[in-house]
Amino acid sequence: MDLEREFERVVAADHRIEPRDWMPDGYRKTLIRQIAQHAHSEIIGMQPEGNWISRAPSLRRKAILLAKVQDEAGHGLYLYAATETLGADRAELTEKLVEGRQKYSSIFNYPTLTFADVGVIGWLVDGAAICNQVPLCRTSYGPYARAMIRVCKEESFHQRQGYELLLTMMSGTQQQRDMVQEAVDRWWWPSLMMFGPPDAESSNTEQSMLWRIKRHTNDELRQRYVDMSVPQADKLGVTFPDPELAWNADRGHYDFGEPDWTEFWQVVKGEGPCNAQRVEHRRKAHEDGAWVREAATAYAAKREKAA
Ligand code: 3HC
């Protein structure tokens, strides 16, 4: 079929598939699944750090955190808009999220217990997001790739503000240094899980790589992230809670231990420390915001009628 051959030619040439192009149903379905869950992650991801905006230790820290959390809302917006170019309905996607029929990143189901968590999330979680999202700037679907270019620029600000916060705390009191190390101990393994299950247990990677939606496998990106993070931890003066972490000169990479995949699948299944609270908060915010959506829709309809 010519259309299919044209699709395959465009993907093989590393060009972009655009909304009006023919695409296999499976390609469209995989993109809606991945981009919707990416968007859900951005919006749910506002909660853990949002928790600290009213308790930031200074006006400067509050302003930085406000800007960062606001950026995440914008990332969610770009990504929901990208799903709409594939024919998805944003309201339906939100319904699927609050009814537990679509996922969001496991990482956002862990609690933020001290202000050091804000720095560690910026450094490690946004750092992992950068590792995962930079290759997505070359994903085969045009609107997703273009959304990622702007998202990645903002993510580097997110990572830098987190790392700078931690550098400040590490040059503070022993109690502040202990607070940073304690946060690193809680966030390191869940950050490794952000990249998804091991390739051998990844049901989508093979096809997503063939369609050049994914440009690297879960394990490849996880390894890249560990190699990037260890020197940063050394500079900061913190350690990762992994006794197997060691440079392997033969491989030219760090060896590291196995994340607890039972914990991972439990969190993905909705049984993590904060899953119920995060989804309930999202559901309530959506409900509380209904009047805004209704007013905006009524206003737009009135304007259209008057035109
Ligand atoms: N949390 C929750 N579910 C996860 C997961 C995670 N960390 N990793 C994998 N899963 C799910 C997958 O969604 C899939 O389930 P599904 O088929 O029902 O969707 C199943 O586990 C098997 O995993 P696969 O590896 O086969 O799935 P994918 O090929 O989709 O790979 C992924 C998973 C690497 C997360 C990929 O979807 C991806 O790259 N997504 C885009 C990036 C993204 O969503 N990042 C989330 C964080 S956003 C963020 O960090 C914001 C920043 O500003 C802080």
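Springs join every pair of Cα atoms under 10 Å in this Gaussian network model of the chain, and among E92, E294, E182 the largest mean-square fluctuation is at E294.
Distance from the C-alpha centroid of region 182-203 to that of region 235-253: 16 Å, rounded to the whole angstrom. Pick out, from A301, G252, W265, the residue whose Cα sits farthest towards the positive end of the charge dipole of region 250-307, with +1 on the Cβ of Lys and Arg and -1 on the Cβ of Asp and Glu. My answer, from the dipole projection, is A301. Under 22 Å of direct C-alpha separation, and excluding same-chain neighbours fewer than eight residues apart, K284 reaches these lysines: K96, K103, K269.
When the trypsin sites (Lys or Arg not before Pro) in region 49-149 are filtered for DSSP coil states and for at most 15 other beta-carbon atoms within 10 Å of their beta-carbon, the remaining sites are R101, R138. Treating only the Cα positions of the chain as identical point scatterers, give the base-10 log of I(q)/I(0) from the Debye formula at each q in 0.06, 0.11 Å⁻¹. Log-scaled intensity ratios, in q order: -0.22, -0.72.
Cα extents for region 126-166 along the principal axes, largest to smallest and rounded to whole angstrom: 36, 14, 8. Descending by average beta-carbon neighbour count within 10 Å, the peptides 125-135, 8-18, 25-35 line up as 125-135, 25-35, 8-18, the highest first.
Computed with a 1.4 Å probe over protein heavy atoms only, the accessible surface of region 138-274 comes to 49 Å² per residue. Between R55 and Q232, the simple spin-label model (points 7 angstrom out along Cα→Cβ) gives 2.5 nm. Heavy atoms of the protein chains alone define the surface here; on that basis region 20-73 has 46 Å² accessible area per residue at 1.4 Å probe size.
Based on the Stokes-Einstein relation at 4 °C and a viscosity of 1.567 mPa s, and on the Kirkwood radius from alpha carbon pairs, region 188-288 is assigned a translational diffusion coefficient of 81 µm²/s. Segment A306..E280, full-extension length gain: 5.4 nm, with 0.36 nm per residue of separation and the alpha-carbon distance subtracted.
The share of accessible area on the chain that comes from carbon and sulfur is 56 percent, using a 1.4 angstrom probe. C137 contributes an accessible area of around 30 Å² to the protein surface, as traced by a 1.4 Å probe with all chains present. Calculated [222 nm] ellipticity per residue, helices only, for the chain: -21000 deg cm²/dmol; basis is -39500 (n - 2.57) per DSSP H run with n ≥ 4, divided by all residues, nearest 500. Loop-located GluC sites (Glu not before Pro) in region 193-254 (DSSP state not H, G, I, E or B) with no more than 12 neighbouring Cβ atoms inside 10 Å: E244.
Once all protein chains are placed together, L167 keeps about 70 Å² accessible to a 1.4 angstrom probe. Pairwise Cα distances in region 93-152 exceed 13 Å for 71 percent of all pairs.
The values are calculated or read from the model by the stated rules, or taken from the named source; none is laboratory data. Keep in mind that what you see is a predicted model, and the values were worked out from it rather than measured. Virtual Cβ from ideal backbone geometry, glycine too; neighbours counted across all protein chains shown. The area values use the complete protein model at the heavy-atom level, side chains included, leaving out ligands, DNA and RNA. Shrake-Rupley method; radii C 1.70, N 1.55, O 1.52, S 1.80 Å.
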